[in-house]
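Mind looking over this structure? Questions follow.
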Amino acid sequence: MNEHARKAISATLGHEGGYVFDRDDPGGETNWGITKAVAVSAGYNKPMRDMTRDEAIDIYYEYYWKRVGLDMVAGVYPRVANEMFDTGVNMGQAIPVRFLQRALNLLNNRGTAYGDIVADGRFGPASHRALRSFAELRGTRGEEVLIRILDAFQGERYATICERRELSEKFFYGWIDKRLGNA
């Protein structure tokens, strides 16, 4: 595991804590921020309460960092990769990729800076090219702008979740406090 992944995982573990089973959370039983469904799909077959930090780190790295392609993102903008990792843990792996793809499309000046990409939630070669082109165009300041956009999209998604499901309002403050502006 490289230093970028290690840093992102450590930051997320810092505010995920341990075992939680809140009946109002549609994610159900979690430990270290990992839902039971993700844990089972990763081959974890013990009680969620017993998941160790090291087991969580392994799942985070494989399912939320490596499979998403965040090494490619970190090679261009490390803080954007960290933001995407944390968002993926909280919202699902494809969501932050879609957020980034949408942002890159909105920032390409109607396709004159680089071509539009499909916002399909998979970070592949086309998304990587668009990110590199954006970085060449905007430099280090571009990373800060992308993080702000990703946070804006994430905040809007939280608001929509709460407006559609009133029980989720109990999580809104914490989501905004712990998840936005921390890249």
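Any read-out appearing in this document is the output of simple, stated calculations on the displayed coordinates, not a laboratory observation. Remember, predicted model here, so these are calculated numbers, not experimental data. Note that each Cβ is placed from the backbone with ideal geometry, even for glycine, and that neighbours are counted across all protein chains shown.
At a threshold of 8 angstrom on Cα-Cα distance, excluding pairs fewer than six apart, so keeping six or more, what relative contact order does the chain reach in percent?
Numbers: 200 pairs, mean separation 32.9, N = 183.
Reported relative contact order: 18 percent.
Working from Cα positions, state the angle (0 to 90°, nearest 10) between the long axis of helix 3-16 and the longest principal axis of the chain.
Compared with the principal axis, the helix lies near 50 degrees.
Once you put a point 7 Å from the Cα of N109 and another 7 Å from the Cα of V40, both along the Cβ direction, what distance in nm separates them?
Between N109 and V40, the label points sit 5.1 nm apart.
Let me ask something additional. Between the helical axis of 78-91 and the dominant principal axis of the chain, each derived from Cα atoms, what acute angle in degrees is found, rounded to the nearest 10?
Approximately 40 degrees, to the nearest 10.
When you count, for each residue, the other Cβ atoms within 10 Å and take the mean per peptide, how do 97-108, 127-138 rank with the highest first? Show your work: numbers first, answer last.
Values: 97-108: 20.4, 127-138: 17.6.
The packing order, highest mean first, is 97-108, 127-138.
Here are several values of volume of the Cα convex hull per residue in Å³: [x] 143; [y] 132; [z] 109. Which one was derived from the coordinates shown?
Calculated volume of the Cα convex hull per residue in Å³: the matching label is [z].
Calculate for the chain the 222 nm mean residue ellipticity that helices alone would give, adding -39,500 (n - 2.57) per DSSP H run of length 4 or more and normalising by residue count, nearest 500 deg cm²/dmol.
On the way: 8 runs with 110 residues, N = 183.
Only helices count here, giving -19500 deg cm²/dmol.
Which FRET efficiency value, to the nearest 0.05, is calculated for D54 and R129 with the Förster distance at 35 angstrom and r the Cβ-Cβ distance? Intermediate results must be reported in sequence, preceding the final value.
Working: r = 36 Å, r/R0 = 1.02.
For R0 = 35 Å, the calculated efficiency reads 0.45.
Can you give the net charge of the other residues whose Cβ lies under 11 Å from the Cβ of A39, counting K and R as +1 and D and E as -1?
On the way: positive: K36, K46; negative: E29, D50, E55, D58.
The answer is -2.
A follow-up question, please. Hey, could you pull the Cα Rg and Dmax for segment 128-183, both in Å?
Both quantities, over Cα of segment 128-183: 14.7, 44 Å.
While we're on this one: Return one number: the angle in degrees, 0 to 90 and rounded to the nearest 10, between the long axis of the Cα atoms of helix 125-164 and the longest principal axis of the Cα atoms of the chain.
Around 40 degrees separate the two axes.
How high is the relative contact order of segment 1-54, in percent, with contacts defined as C-alpha pairs under 8 Å that are six or more residues apart?
Values: 39 pairs, mean separation 13.2, N = 54.
Answer for segment 1-54 is 25 percent.
Hey, rough spin-label estimate for R6 and Y19, points 7 angstrom out along Cα→Cβ, what's it come to in nanometres?
Placing both labels 7 Å beyond Cα along the Cβ direction yields 3.0 nm.
Moving on. Once both labels are modelled 7 Å past Cα along the beta-carbon direction, what's the D116-K66 spacing in nm?
3.5
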